[in-house]
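These notes concern the structure reproduced below.
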Amino acid sequence: MDFVDEVTIHVTSGKGGDGIVAFRREKYVPRGGPAGGDGGCGGDVVLQADDSLNTLVDLRYQTRYRAADGGRGGPNNRSGANQPPLIIRVPVGTSVYCVEKDRYIADLTYSGQTVVVARGGRGGRGNAAFATPTEQAPKFAELGEPGESFTLRLELRLLADVGVVGFPNCGKSTLIASVSNARPKIGDYPFTTLVPNLGVVRVGPGESFVMADVPGLIEGAHRGAGLGQRFLKHIERTRVLIHLVDCSPATGRDPVSDYEVIRGELEAYSHAVAALPEVIGLNKVDIPEARERAAEAERALREKFEESGRRIPVILPVSAATGEGIQQLVWAAARLLREAPPRTPVAVEEVVRIEGPEAPFTVERGPSGEFVVSGRQAERLVAMTDLDNEQALRRLQGRLNALGVFRELEKRGVKHGDTVRVGSFEFEWVDEGAQLGDAGLAEK
């Protein structure tokens with residue numbers, strides 16, 4: 001199965017059901033009154049973390065998700081059906097970003113965690129809801145509220161306790177295969193591993209940890225060289241690093257220089273990652289001359305740590321191929337894990353609103369000179385109004401006036417015949433002050 005760790009999807013919540021205009025009609029009840037029921041609520045779109053998934057590959061092939069619309073209201077005050085949420089399952093460790101709002105929404109870090117990314121529209125009210133002592137038989141109802149639509153970017157960051165880093169072909173996959181049940185592809189050439197591999201390492205009775213190898217780290221990885229930036233993010237959640245260094249003379253590289261290059265890439269990418277406790281494994285000591293090179297590298301590294309004043313980590317000669325020193329390496333990593341602070345859970349509300357607090361409306365001039373009224377409250381009022389119904393249109397005028405929209409338009413210099421756009425609807429400003437002492441909007 002392909003490993004996919006970043007996808008873009010489009011989600012749309014359900015529209016609210018329309019309220020209806022109806023009247024009670026029964027024998028011997030000549031004036032039954034209004035009895036139009038309310039529409040049902042549209043379905044939400046919900047992301048749910050599922051620990052049985054380990055990739056976003058399913059979302060690559062289906063990128064559009066739409067929840068069901070709410071049911072229409074019925075006569076005799078019967079409400080329309082509320083729709084259930086549309087649940088999209090994603091792997092644990094998925095971060096969610098809203099592209100339109102350019103903001104981070106949620107981080108799903110445990111199985112079963114949910115976040116509402118698009119709220120279903122509420123149902124429109126039937127005419128029974130608008131009956132008053134002065135308007136006892138209203139002949140209008142509300143339309144359902146439109147659903148929300150967003151483009152989301154999902155990024156998967158693997159949840160592992162220990163991350164294994166190092167140059168390509170330094171033995172990371174061989175290490176994880178030797179200490180866990182993971183079976184990564186292993187080969188004697190760089191970039192054999194093109195996807196992160198996870199494995200559970202058992203330290204002793206009742207004690208284990210999750211290890212991940214991070215492929216593609218070379219010089220310039222933090223700028224995207226090799227496969228670096230794509231996979232560096234997977235070690236952001238680790239608590240301990242195992243830094244494998246290839247001591248084989250066949251590479252022609254200096255083990256100490258290799259270590260410093262990878263350290264530099266980690267520091268350039270994230271100071272938090274670079275500050276993680278680490279164990280250094282000087283690998284491939286089973287190869288002739290590699291053991292001597294490992295001993296020299298250990299002395300040089302200790303000197304550099306002493307000169308810089310940094311704490312000297314555990315440095316071990318190991319062979320992932322033969323198993324030499326591997327048990328000590330695992331114990332050293334487990335010891336650091338016990339001392340490391342637990343992973344801090346990211347506080348995420350169970351329901352996240354993509355919209356932040358905003359003014360009820362704003363008025364701006366459009367490119368063609370029209371007046372553009374923007375704002376969730378004003379746009380929702382218009383969208384839920386049946387503009388073909390005179391009573392409903394009169395009520396909309398009163399609501400917009402009470403909200404202060406007309407006052408702001410007049411302040412901005414609106415004149416008779418000007419175009420006013422609210423959301424996707426266009427109106428003509430009608431000023432009949434000389435005749436009726438009134439002003440307002442007329443549908444175009």
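What follows draws every value from the coordinates through simple rules; no lab data is involved. Computed from a predicted model, the values in this text were never measured in an experiment. We place every Cβ from the backbone using ideal geometry, glycine too, and count neighbours over all the protein chains shown.
Just round it to a whole percent: the fraction of Cα-Cα distances in the chain exceeding 35 Å.
51 percent
Kindly put R394, R78 in sequence by how many other C-beta atoms sit within 10 Å of each C-beta, fewest to most.
R394, R78
Could you run the Karplus curve 6.51 cos²θ - 1.76 cosθ + 1.60 with θ = phi - 60° over region 271-279 and give me ³J(HN,Hα) per residue in whole Hz, x for Gly and Pro?
After applying 6.51 cos²θ - 1.76 cosθ + 1.60, I find 5, 5, 5, 5, 7, 5, x, 9, 10 Hz.
Out of G14, G123, Q62, whose Cα points farthest toward the positive end of the dipole of region 6-156 (charges: +1 Lys, Arg; -1 Asp, Glu; placed on Cβ)?
Final value for the positive-end residue is G123.
For the chain, what is the calculated [θ] at 222 nm in deg cm²/dmol (nearest 500), taking -39500 (n - 2.57) for each run of four or more DSSP H residues and dividing by its residue count?
The helix-only estimate for the chain comes to -6500 deg cm²/dmol at 222 nm.
Given labels modelled 7 Å from the Cα in the Cβ direction, how far is it in nm from S368 to E306?
Here the modelled spin labels are 7.9 nm apart.
Using alpha carbon centroids, what distance separates region 1-61 and region 306-333, in Å?
Between the Cα centre of region 1-61 and that of region 306-333, the gap is 55 Å.
Using DSSP, restrict attention to beta bridges with both residues in the chain and report what percent are antiparallel, rounded to the nearest 5.
Given both bridge residues lie in the chain, the antiparallel proportion sits at roughly 60 percent.
Going by a ≥ b ≥ c, the root eigenvalues of the Cα gyration tensor, does region 1-97 fall in the rounded group (a/c under 1.5), the prolate group (a/b larger than b/c) or the oblate group?
Judged from the Cα gyration tensor, region 1-97 comes out prolate (a/c at least 1.5, a/b above b/c).
Quote the Stokes-Einstein diffusion coefficient, in whole µm² s⁻¹, for region 63-213, based on the Kirkwood radius over alpha carbon pairs, a temperature of 20 °C and a viscosity of 1.002 mPa s.
D, rounded to a whole number, is 104 µm²/s.
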